[in-house]
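To start, the structure itself, in structure tokens.
The values are calculated or read from the model by the stated rules, or taken from the named source; none is laboratory data. Values in this document were obtained by computation on a predicted structure and should not be read as measured data. In this analysis, Cβ positions are derived from the backbone assuming ideal geometry, glycine residues included, and neighbour counts consider all displayed protein chains.
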Amino acid sequence: MTIKHESQKIAQHFYTFAVLLFLVQVLVGIIAAVQFIWPDFFILNFNTIRTLHINALVVWLLVGFMGATYYVVSEESETELWSLPLAKFQFWATVVTITTVVLGYIIMGLYPQANILVFGTRLLNEGREYIEAPRWADVLIVISVLLFLLNCAMTVLKTKKWTGIQGVLLGGLVFLALMYLPGMMYAKSMVKDQFWWWWVVHLWVEGAWEIIAGALLAFMLMKTIGAKREVVEKWMYVEVGLVLFTGILGTGHHYYWIGTPEYWLWVGGIFSSLEPIPLLLMVWNAFRTTRETRNVENKVGLYYTVANAIFNFVGAGLWGIIHTLPQVNKWTHGTQITTAHGHLAFYGAYVLLVMAMIYVTLPAIRGVKEFNPSRAFQSFWWMTISMVFIVLTITGAGMVQTYMERLMGLDYVAVKANYNLWFWIFRAIFGVGFLIGVGIFVVDYFKLGKEPATARA
Ligand code: HEM
Ligand code: HEM
Ligand SMILES: [Fe+2]
């Protein structure tokens, strides 16, 4: 396994930063879990820790997508990137911005009064869940993403080799960039503010990102098992078409109770219930293509690719559909059922996607012929089993919460502090299992292809 173009190595910069942020995300996740049991644990409060946990998640996935895209665009256009120095600059600019934002969250956690008003916007934290970065950072992020898209577009234009995969991939990324903008609009009415905010959050994970996932799935099936381009691209168009058809109006499942007109109950309920269909097609696509192959060179890459398709369907599709109808969501809205789904969906659809892309492309970047797959499999099972149990645990907590709080009318804190305590304890324990898996992955990431041949054998 080797790369065809030297500039594809830039992907590794992005992967490394992503992997380190992943570690941070999970470490703070465990702190958050312990704070459910002892609210005073740690110098930073739960709200700061939670912000760090979910923002780090979103950012490392985006950084991972960028690295993977540079790799794919160069490969598909059959040429070097338009400008490697620009890609490097864009990488370091991203690292500096994100690190500053993270430090800002921590400073604000220690001294809340530091989040002063500057030109009508907040200096350290803007306060919109998942995209709390302050306005000045939003602007820098937009510039960085524009430079990234420019570099990709110019690379394609160099050879004019438009493939379906890269068309869809770049289309998804443009959609992603555009959908960041509604998150920068400010409306005095909370209803309107939430209305636009959901465009970012929902149309990212159930629109743009799923399109990127569809394109990368096609790419990975080609790379790992030599699937035919015509076949995987045909599947990709169907998947992506259905993602858009169901996902755009599916946004309505967040508009049930925020003060928007009543027709959203119907629109959101119907369209979002159809969202699992394209995800099921992805699983079918992965299995159908894989059945016909022998002698896979990169078993780990294939393993993660197929697991990604499966857990995307389970986490987003199944754990999504259980609470997406307004008749159900009326009871479960904003409970631990939501949190359970959030974890399994992000893990299955996007954590495994970035990891799969790393295992598909990294051996080529490092020029390794074969590598010992045992750490990659170990980390997969530690992470996946732990995540499944975290999700089952908090699904249980969510059922108890829904029943006691919403049906019996008990107080939120009473349920949380008494009746759900054991669920929190188990979540924290499985969280440590997950961290072990991440630790094994991080070691594997840094060592892959760098050990002497005897050790590998
Ligand atoms: C990979 C794709 C997906 C990801 C990453 C994802 C993630 C999330 C997250 C993090 C939340 C919580 C948002 C908050 O903070 O309030 C959420 C909410 C929700 N998701 Fe998903 N989701 C995905 C796909 C789906 C699908 C396909 C469905 C339906 C079939 C769905 C149904 C819902 C519903 C109904 C809510 C609102 C829950 C509530 O009322 O509290 N999701 N999702
Ligand atoms: C790759 C792995 C992980 C992903 C993708 C992930 C994702 C998320 C997401 C999307 C949320 C917001 C969910 C919502 O409010 O609906 C969240 C919150 C949280 N996560 Fe994670 N997380 C991961 C790992 C962990 C681990 C290992 C722990 C520790 C056990 C953990 C503990 C928490 C806690 C305690 C919250 C706050 C929940 C709440 O507000 O009710 N997470 N995580
Ligand atoms: Fe949604």
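For this structure, a couple of remarks:
- Residue list for region 126-141, filter: out of contact with any strand residue (DSSP E or B) (no Cβ under 7 Å at 6 or more places or on another chain) and closer than 18 Å to Leu57 by Cα: Glu126, Gly127, Arg128, Glu129, Tyr130, Ile131, Glu132, Ala133, Ala137, Asp138, Ile141
- Verdict on Val72 being assigned to a helix (DSSP H, G or I) and surrounded by fewer than 21 Cβ atoms within 10 Å (Cβ to Cβ): no
- Qualifying residue in region 83-100 (condition: within 16 Å of ligand 1 (Cβ to nearest atom), modelled with pLDDT of 95 or more and among the charged types (D, E, K, R)): no
- Qualifying positions in region 404-415 - in a helix (DSSP H, G or I) and more than 16 Å from ligand 1 (Cβ to nearest atom): Met404, Leu407, Val413, Ala414, Val415
- When we screen Phe42, Phe22, Phe89 for residues that are of a type in the set (Phe, Trp, Tyr), farther than 22 Å from Gly172 by Cα, within 16 Å of ligand 2 (Cβ to nearest atom) and surrounded by fewer than 21 Cβ atoms within 10 Å (Cβ to Cβ), the only hit is Phe42.
- Of note, Phe346 does not satisfy the criterion of being under 20 Å from Val232 (Cβ atoms) and either touching a strand residue (DSSP E or B) at 6+ places or on another chain (Cβ under 8 Å) or within 16 Å of ligand 1 (Cβ to nearest atom) (or both).
- Positions within region 365-385 being under 24 Å from the mean Cα position of the chain (by Cα) and buried (at least 21 other Cβ atoms within 10 Å of the Cβ), in sequence order: Ile365, Ala376, Ser379, Phe380, Met383
- Flag if Tyr359 is touching a residue at least 40 places away in the same chain (Cβ under 8 Å), crowded, with 22+ Cβ neighbours inside 10 Å and within 16 Å of ligand 3 (Cβ to nearest atom): no
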